[in-house]
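Worksheet: one structure, shown below.
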Amino acid sequence: MDNKVTKKRITNHLEYDWYKYLIFVIVGIVAVVFIFQQINRNKDDEDFAIFFTAYSARENTYVSDLFGEFDSEDYDAETYGPNIFREISVEFQNPESNEYATLFSTHGQVTSDVVIVRKSYFASADESGAETYFSAMGYLELTDEILALLGVDDKTNSPYEFMCVNSDGKRVNVGDEGGRIFGIRIDNLSKIGGIAQLSKETAEGEEPAESEFFLYILRDGSNIGPYGKKNKKPENKQTFFCVRYLLEKYGPVVSYEPD
């Protein structure tokens, strides 16, 4: 059998089988790109995302300043964990848009670490018509230990207003028996207008736009240490630092003196 390789045989082979080599090349390129994307892909604990409900967004420096805080020598890595974030994002969504509920269900509940919503979004009514907040109880409970990580050392004398509910889902005062804290009000921060518009004027005769907004932390986040559902890396508590920085950057709370 003559297996001698000649120029003519190579030419004939390429003339009829060139497409096979093209397929091999394309498959190889696709495989390399796929492998590179998987290697370079951010891990769950390398991202931090806020789903921010607001009537409009403002140009702000929260993300860039937060990266700077993580890079600072003053960052407390012993308390909050190492500087691991590759991406920090804030997604603003108007609660009056037609797509809001869908985006909250997909982006807010699935890909975010923190959500900021209007107070009424988690409100419902029981059989007697009383307002309840059972939906708020689906988020991370802000225990005294977690509140300390957020910079709140004394919840009963804190300037912050909390979403504190009892086992019946009814809102109660902080310190009341059975009360558990799940959210922090943020629309009353003195400089919150520097990142978002949380109030708006309405036309005469229209219902006033709701202006109370609360911040909640998801229980299945990757960077809430041993307090969440995943609990893969108990040393990673960076989410609490991000929330604390937001409260401090756009605070303090505005206090209104009675007339």
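The values are calculated or read from the model by the stated rules, or taken from the named source; none is laboratory data. Computed from a prediction, not measured in an experiment: that's the story for all the values here. Heads up, the Cβs are rebuilt from the backbone with ideal geometry, glycines too, and the neighbour counts pull from every protein chain shown.
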Point to revise | Close pairs (7 angstrom Cβ cut-off, 6 or more residues apart or separate chains): closer than 19 Å to PHE214 by Cβ in segment 95-110, aromatic (Phe, Trp, Tyr) and surrounded by 13 or more Cβ atoms within 10 Å (Cβ to Cβ) anywhere | key: PHE104/PHE51; HIS107/PHE51; GLY108/PHE51
Practice item. Among residues belonging to segment 203-259 that are touching a Gly at 6+ places or on another chain (Cβ under 7 Å) and free of Cβ contacts under 8 Å to residues at least 24 places away in the same chain, point out the one that is nearest to GLY68 (Cα to Cα). Key: PRO234
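Within segment 49-62, which residues are under 27 Å from TYR121 (Cβ atoms) and part of a loop (DSSP other than H, G, I, E, B)? Don't jump to the end; show me each part of the working.
Pass one, segment 49-62, residues under 27 Å from TYR121 (Cβ atoms): 49-60, 62.
ALA54, TYR55, ARG58, GLU59, ASN60 - these are the residues of segment 49-62 that are under 27 Å from TYR121 (Cβ atoms) and part of a loop (DSSP other than H, G, I, E, B).
Let's see how each residue does on (1) more than 20 Å from the chain's Cα centre (by Cα); (2) assigned to a strand (DSSP E or B); (3) modelled with pLDDT of 95 or more:
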{"position": "LYS8", "(1), (2), (3)": "yes, no, no"}
{"position": "HIS13", "(1), (2), (3)": "yes, no, no"}
{"position": "PHE24", "(1), (2), (3)": "yes, no, no"}
{"position": "ILE29", "(1), (2), (3)": "yes, no, no"}
{"position": "SER64", "(1), (2), (3)": "no, no, yes"}
{"position": "PHE92", "(1), (2), (3)": "no, yes, yes"}
Review point. Could we say that GLU73 is more than 17 Å from VAL114 (Cβ to Cβ), loosely packed, with under 14 Cβ neighbours inside 10 Å, acidic (Asp, Glu) and touching a residue at least 40 places away in the same chain (Cβ under 8 Å) here?
Key: no
